[in-house]
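Scroll down for the structure; my scribbles are underneath it.
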There are 2 protein chains.
Amino acid sequence: MSIETDIKQKKFRSPYQRLSINLTYTSNWLGYKQLELFKEHDITSQQYNVLRILRGQQSNAIKVTEIAERMLDKNSNTSRLIDKLLVKGWAERTSCPSDRRAVDVVITPAGLDLLSKMDPALEEWENGLSSVITPEEADLMSSLLDKMREAENNNL
Amino acid sequence: MSIETDIKQKKFRSPYQRLSINLTYTSNWLGYKQLELFKEHDITSQQYNVLRILRGQQSNAIKVTEIAERMLDKNSNTSRLIDKLLVKGWAERTSCPSDRRAVDVVITPAGLDLLSKMDPALEEWENGLSSVITPEEADLMSSLLDKMREAENNNL
DNA sequence: ATACATTTAATGTAGTAACATGTATTTATC
DNA sequence: GATAAATACATGTTACTACATTAAATGTAT
């Protein structure tokens, strides 16, 4: 269904406004889809995001600031997200020896286990996109999204 | 900058996972960009979304449920969003004569005025995308986003 | 060495969102 | 026409986010 039908707006002032609105709408739509899976595992989308980043680090520790940057998030929120992961036993936090202001965060085996339990459902959903989008189109979209973030007048 | 560089993740399990993550990331990125403009006008992104829908209705009233559907939002939150618009004088709420459970919402002249003040900046930002994306590419992206929302296994 | 600025993370506060529930009204079934 | 189910909206609760501030550690200039 086209974005025009979904939000019942017939006209847009430009292809760029339509894209901008469609991007936000589709991202929200995806968020709601994922929410259902996340709820089953008693984790939020943001908490999952942190865990995924931690897994990408393998056993290497990562600092709160670094996590926040990759998430486009504020340090303060990331701190509290990690609190939740700690309580649930999915992550560990140790003071960084070389810089005692910093905090080293690593994923625990329990955290890795959780992610591996969630992987199949997410992978299946992602691959379900192949019924409507070719791998080439997916790559094309990714590169166009990358381009969007490079527009000249980045500032509103 | 590619999504790989931005989130410092080198490998994805498929073009579809990369697209999925890139979509969320870019939408968040866009949200932060827009946040700055919204703050200047003492309005939130969600409140703006409602106002934009109301303007699209011209002088025709619209029900809370209908607004919530177009926003992919919950009724309860939309109720409170409209509360905020009321307080600021940007919208009006009247009991619907034909169905007294329902509430008719319309935008006020002040609301229209606010939107018209915000339009130029948003339009300028949107058109700034033309430095990196052609109108044809923007339309292509929109239609691919539409397709994404139609994938077979919609449910996780 | 000392003063001052910067960096890193955490916390207090207010606003916002998700979810469940409550209330009033309408629609459907008997 | 009475009762049950569905609909439209509002509200209470809990958790999350943005922002400002704080606290501690580090960097830098004199």
Inset, instruction - Find which of B:ILE3, B:GLY31, B:VAL105 sits farthest along the positive direction of the dipole of the protein assembly as shown, computed with +1 on the beta-carbon of Lys and Arg, -1 on that of Asp and Glu, about the Cα centre. - result: B:VAL105
Legend entry - Cα pair distances of region B:43-129 binned at 10 Å [whole percent]: 17, 51, 26, 6, 1
Inset, instruction - Go ahead and collect, in residue order, the members of region B:27-67 whose backbone nitrogen is under 17 Å from a label point 7 Å along the Cα-Cβ direction of A:SER45. - result: B:27-35, B:45-47, B:49
Legend entry - Formal net charge of residues neighbouring A:ARG93 (Cβ-Cβ distance under 10 Å; K, R +1; D, E -1): -3
Inset, instruction - Per DSSP H run of at least 4 residues, take -39500 (n - 2.57); add these up for chain B, divide by its residues and hand me the 222 nm value, nearest 500 deg cm²/dmol. - result: -20500 deg cm²/dmol
Legend entry - Set of lysines with alpha-carbon distance to A:LYS84 below 29 Å, sequence-local pairs under 8 removed: A:LYS33, A:LYS39, A:LYS63, A:LYS74, A:LYS117, B:LYS8, B:LYS10, B:LYS11, B:LYS33, B:LYS74
Inset, instruction - First check a/c for region B:57-103, with a ≥ b ≥ c the square roots of the eigenvalues of its C-alpha gyration tensor; if it is under 1.5, answer rounded, and if not, answer prolate when a/b is larger than b/c or oblate otherwise. - result: rounded
Legend entry - Whether region A:92-146 is rounded, prolate or oblate, judged on the alpha carbon gyration tensor where a/c under 1.5 counts as rounded: oblate
Inset, instruction - Treating the angle as unsigned and between 0 and 90°, give the value, to the nearest 10°, between the Cα long axis of helix A:75-87 and the longest Cα principal axis of chain A. - result: 60 degrees
Legend entry - Euclidean distance of C-alpha centroids, region B:125-149 and region A:81-106, integer Å: 40 Å
Inset, instruction - Kindly provide the trypsin sites (Lys or Arg not before Pro) of region A:12-102 that DSSP labels as loop, not H, G, I, E or B, and whose Cβ sees at most 13 other Cβ atoms within 10 Å. - result: A:ARG13, A:LYS74, A:ARG100, A:ARG101
Inset, instruction - Sort A:THR24, A:THR65 so that the residue with the fewest other Cβ atoms within 10 Å of its own Cβ comes first and the one with the most comes last. - result: A:THR65, A:THR24
Legend entry - Rounded to 10°, Cα long-axis angle of helix A:15-40 versus longest principal axis of chain A: 40 degrees
Legend entry - Binned Cα-Cα distance frequencies in chain B - 5 Å width, integer %: 2, 7, 13, 16, 17, 15, 12, 10, 5, 2, 1, 0
Inset, instruction - Give me the distance between the Cα centres of region B:17-64 and region A:21-36, rounded to whole Å. - result: 13 Å
Inset, instruction - Could you give the spread of the C-alpha atoms of region A:1-77 along their three principal axes, from largest to smallest, in whole angstroms? - result: 50, 28, 22
Inset, instruction - Relative to the longest principal axis of the C-alpha atoms of chain B, give the angle of the C-alpha long axis of helix B:45-56, reported between 0 and 90° and rounded to the nearest 10°. - result: 60 degrees
Legend entry - Summed side-chain charge close to B:ASP119 - residues other than B:ASP119 whose Cβ falls under 13 Å, Lys, Arg +1, Asp, Glu -1: 0
Legend entry - Percent RCO, i.e. relative contact order, over chain A, from Cα pairs under 8 Å lying at least 6 residues apart: 16 percent
Inset, instruction - Net charge near A:ARG13: determine it from the other residues with C-beta under 15 Å of the C-beta of A:ARG13, scoring Lys and Arg +1 and Asp and Glu -1. - result: -1
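Quick note: the coordinates plus some simple rules give every number you see, no bench work behind them. Since the model is a prediction, treat every value here as computed from it, not as a measurement. FYI the Cβ positions are ideal-geometry reconstructions off the backbone, even for glycines, and counts take in every protein chain you see.
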